[in-house]
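Presented below is the structure to which this report refers.
The values are calculated or read from the model by the stated rules, or taken from the named source; none is laboratory data. From a predicted model like this one, the values you see are computed outputs, not experimental measurements. In this analysis, Cβ positions are derived from the backbone assuming ideal geometry, glycine residues included, and neighbour counts consider all displayed protein chains.
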Amino acid sequence: MNTISFVSIRKEALRLGLDDLGIVRASESATWNIFSNWLDSGQAGEMEWLAKLRDARRHPNSVLPGVQTLFAAALSLRRIQKTEERPLPRDESRPHTGVNSYAVCTDYHTILRDRLRGVARTIAPLFPDEKFRVAVDTAPLLEKEWAARSGLGRIAKNSMLLHPWLGTDFFLGFLLTTVPFEAFTEIPAIPEPEDPCAECDRCRKACPTGALNSNRTLNATQCVNYWGIEYRGDEIPEKIVPLLRRFPFGCDLCRRVCPRNPELPPRPEVPLDLTEEEFKTLFKGTPAQRLGYERFRRNSGE
C-alpha cells in the first residue's frame, strides 16, 4: 500500500491558503445522541432539513460510502478579508447598522471547496482507485465533532469550535476519502486540550437572548442568527424584532467577548435602507446573498 506523510499534506494545505488541517479516522459519531436529543427538544426551530437527515449524521459513510479518513480544514475570516472585502455604500445621512464581517466577503464555501480540492489533488495520484469528496456546510456531518476529533480545537461555551490560535473566527471544510487511515504517516499525537472556557462565562452573559445552553449547544429558537438568517416567515417574537434591526445579518456578540479570540475587526456598517439594486450589488457572491432582499428588509425594519 502506498503511503503519504500527513505533515507534507498539511504543508501543502497551508501553501494553498488554508490556516490549519487536521486528520481523523472515520467512525461512528460520538455526539449523535446529543444531536438527536437536541432535535427532539425542538431547539432546531423550523430547520427541518436537520431532522430529515438525522440518521445520516450517525456516520460519514452517508456522505461518502466507504469513507475511511476525514481531513478537517480551517479557513480564517481574516485571510478572506485581506483581499476580498466589498466596498460599502458611504452616506452618513442614511441609517446604518453593523453586519457580520463575512457578510461582505466572497462566499467562504467557494474558497474552501477550491482549496480542499487542491489538497485532494495532492493525495489522489498515489491512490488512483480511491474516492474523494469535499464537503462545506451542506453535507450531513456533525462538523464540529469531526473537527475537534481531528485536533483543530474544542467546543466552547458559545457552542462554536475554539481553535488554539484562530479562536472562533474561522470556517470549517472537510475532505473525505476512501484512502485507508493507515496510509497516512507522520500524524502528530493530539494532546487532550485544556478546557478553554473553564473559568470564563463571558459569551453566555453577552448573549442578548440567553440562547447558549449549559451543555455547549445552542437553542436556535432563542438565537438572533436563526430568526434573521434561517427563519423564512414573518411571525418573529417581539423580543427578537429590535435585535434584528441591530443585527440584520448575524449577531456575533458571543464571539466578540471571547478572550481567546484574536481582536476582531469592527463590524462593517451597511445602510438599513438599501435598495434592491444596492443589495444585489453589495452581496453578490457573498454568504448574505442567500438571505435575499425581502428578508433583509424584514430584518432591518425598512
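Structural remarks
- Checked against (1) part of a loop (DSSP other than H, G, I, E, B); (2) closer than 29 Å to GLU194 by Cβ, ASP129 passes all but a single condition, namely (2).
- Residues that are among the acidic types (Asp, Glu) and at pLDDT 95 or above do occur in the range 124-131, at least one of them.
- Residue within the range 267-279 that is at pLDDT 90 or above, in contact with a helix residue (DSSP H, G or I) (Cβ under 8 Å, 6 or more places away or on another chain) and in a helix (DSSP H, G or I) present: yes
- Of the residues making up the range 176-187, one or more are surrounded by fewer than 19 Cβ atoms within 10 Å (Cβ to Cβ) and on the phi > 0 side of the Ramachandran plot.
- Criterion violated by THR221 - all others in (1) free of Cβ contacts under 8 Å to residues at least 60 places away in the same chain; (2) over 12 Å from VAL99 (Cα atoms); (3) not in a loop (DSSP other than H, G, I, E, B) satisfied: (1)
- Matching option when the condition is under 23 Å from the mean Cα position of the chain (by Cα), surrounded by 15 or more Cβ atoms within 10 Å (Cβ to Cβ) and free of Cβ contacts under 8 Å to residues at least 60 places away in the same chain, among VAL270, VAL257: VAL257
- Flag if ALA103 is of a type in the set (Gly, Ala, Ser), in contact (Cβ under 8 Å) with a residue 60 or more places away in the chain and in contact with a Phe, Trp or Tyr (Cβ under 7 Å, 6 or more places away or on another chain): yes
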